[in-house]
Amino acid sequence: MASPKITVIGLGYLGATHAAAMAELGFEVLGLDVVPEKMRKLEQGQAPMFEPGLEELLRAHVAGVEGSTGRLRFTDSWEELGAFGDVHFLCVNTPQKHGEFACDMSYVERAVDSLAPHLHGPALVVGKSTVPVGSAERLATRIAELAPAGQEAELAWNPEFLRESFAVKDTLHPDRIVVGVGGPRGEALLREVYAQPVAEGTPFLVTDFPTAELVKTAANSFLATKISFINAMAEVCEAAGGDVVKLAEAIGHDDRIGHKFLRAGIGFGGGCLPKDIRAFMARAGELGASEALTFLREVDSINMRRRAQMVELARDALGGVLLGKRIAVLGATFKPDSDDVRDSPALNVAGQLHLQGAQVTVYDPKGMENARAVFPTLGYADSALDAAHGADVVLHLTEWPEFKELDPAALGDVVASRHLLDGRNTLDSALWRKSGWLFRALGRPTA
Ligand code: UDX
């Protein structure tokens, strides 16, 4: 039998990477996104966002790019999409609803309503977006109702665990594949799609719909909890005079705990962890199980308190007054090697300082365009050195590798005051102190 033909609906961080990875695995792929500018970029082999390795993969496969395999194409026609694909991946986003904890399912629902009427024969629709548990069951019924193929249009749920900045690697070499199946063909087709990673040893786990949906929210809740746990320990260290970095290293040597996700700092952000734990709490409430997740409210609060504590540390460094003080902020994205500023702790701290009267100048290696769009009233500079010019205090808020390489003496020559606050606990405090800097960090002793 010929390989299944694949479509990808929604070409953001998840979908663009998934489409390129499917082409890399040898499949014919057709992608669709409702944002025309995104499609135009992709058609030229350009990534719509900064993601290491993605553009190389696109150039290797997008039809029309010189020397490409031509396996990846794009369309704005749902009819063409329905006629082309055997397997349709839903990769649209599920953001937090405005002013509520619950997640906004309207993009997923619109995608299903647009695709299903064009499913005339056997087809598999595969949900990858993060959704509230119970959504898959509802969407499967809707697809069967709307599709001319009826029950032959089947749904499977295959949550995505990729991390931004490692998206290509995580998609081509996932650490597990989870498939919630609702009909007879889902498992077999997805085993074909994922034959290569499975042959390389990736576990393939088959579950029912609710379990597959829950695996994703449970994993993200666990990760968020681990970060907030170490940040809670940072708060205690601040009160007791301990050092959270040493504490994390020491507890991480216990294999059962491990070193990963124990970096204390200004906490987690991005398009996933914050909104996913909130949507999970909202859904548990609807299911009458809210008590099971009350701890996530605390996880969220600890996370937001760290941003506030960073602002207080800056105020303290400036003698209690922010008004008119010059602050250099290094980093705007929610993590390094990404241009994503969604719910970024760094940009949030910069914004709070600005709103309280400080003159804030931000520099980020990749996130400037997105940061400017979200927060146009902040000052922006083209380099760390430019941002630091005349600064009364420098804040390190996203741990880009280039900030580790900064020369404390050179930076010291341009600032008004050698005062550095590390919000990510990745700079070498001894090195900076040796150059005469007053160095302070969250959860660590002052000297
Ligand atoms: C996350 C999950 O890791 C991924 O599996 C899921 O599919 C989507 O959500 P991502 O949002 O790309 O991925 O970033 P991640 O690397 O998990 O970092 C999330 C946030 O936590 C970042 O703001 C990061 O700076 C912060 N973080 C991470 C810490 O503050 N401390 C840590 O020890 C680790």
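Whole-Hz Karplus values for segment 39-53 come out as 5, 4, 4, 4, 4, 9, x, 9, 6, x, 8, 7, 8, x, x Hz, taken residue by residue from phi with 6.51 cos²θ - 1.76 cosθ + 1.60 and θ = phi - 60°; glycine and proline positions read x.
Between residue 176 and residue 3, the distance separating the two model label sites (each 7 Å from Cα on the Cα→Cβ line) works out to 2.7 nm. Each of 396, 354 was scored by other Cβ atoms within 10 Å of its Cβ. Arranged with the fewest first, they read 354, 396. For the pair segment 383-447 / segment 242-301, the C-alpha centres are spaced 28 Å from each other. Each residue of segment 217-300 gets 95 Å³ once the volume of the Cα convex hull is shared out per residue. For the chain, the longest principal axis of the Cα atoms and the long axis of helix 273-286 meet at an angle of about 60 degrees. Count the DSSP beta bridges whose two residues both fall in the chain, then state the antiparallel fraction as a percent rounded to the nearest 5. Bridges in the chain that DSSP calls antiparallel: roughly 5 percent. Residues of segment 132-161 falling in the label zone of residue 206, defined by backbone nitrogen less than 19 Å from a point 7 Å along Cα to beta-carbon, are 137, 152-159.
The Stokes-Einstein estimate for segment 126-268, based on a Kirkwood radius over Cα pairs and taken at 25 °C with 0.890 mPa s viscosity, is a diffusion coefficient of 139 µm²/s. Rg and Dmax over the alpha-carbon atoms of the chain stand at 23.6, 73 Å. The amide H of residue 103, built 1.01 Å from its N in the peptide plane, has 97 as neighbours under 5 Å, considering only residues 5 or more places off or on other chains. Near residue 388, within a Cβ-to-Cβ distance under 14 Å, what is the net charge of the other residues, with Lys and Arg +1 and Asp and Glu -1? Cβ neighbours under 14 Å give a net charge of -4. The 3J(HN,Hα) values that the Karplus relation (6.51, -1.76, 1.60; θ = phi - 60°) gives for segment 381-386 are, in residue order, 10, 8, 7, 4, 5, 5 Hz. Gly and Pro appear as x.
Remark: segment 137-150, residue by residue, has Karplus-estimated 3J(HN,Hα) of 4, 5, 5, 4, 5, 5, 4, 4, 6, 8, 7, x, 6, x Hz, where x stands for each Gly or Pro and the curve is 6.51 cos²θ - 1.76 cosθ + 1.60 at θ = phi - 60°.
Using only side-chain charges placed at the Cβ, +1 for Lys and Arg and -1 for Asp and Glu, the dipole size of the chain relative to its Cα centre rounds to 1060 debye. Taking amide H positions as modeled 1.01 Å from N, with prolines and chain starts lacking one, the residues under 5 Å from residue 178 and 5 or more places away or on another chain are 205.
Alpha-carbon geometry of segment 14-115: the Rg and the Dmax are 14.4, 48 Å, given in that order.
Remark on residue 123: its backbone amide H falls under 5 Å from those of 153, 154, a criterion applied only to residues 5 or more positions apart or on other chains, H modelled at 1.01 Å from N.
Throughout, read-outs are computed from the coordinates displayed, never taken from laboratory work. As the structure is a prediction and not an experimental result, all values here were calculated from the model. FYI the Cβ positions are ideal-geometry reconstructions off the backbone, even for glycines, and counts take in every protein chain you see.
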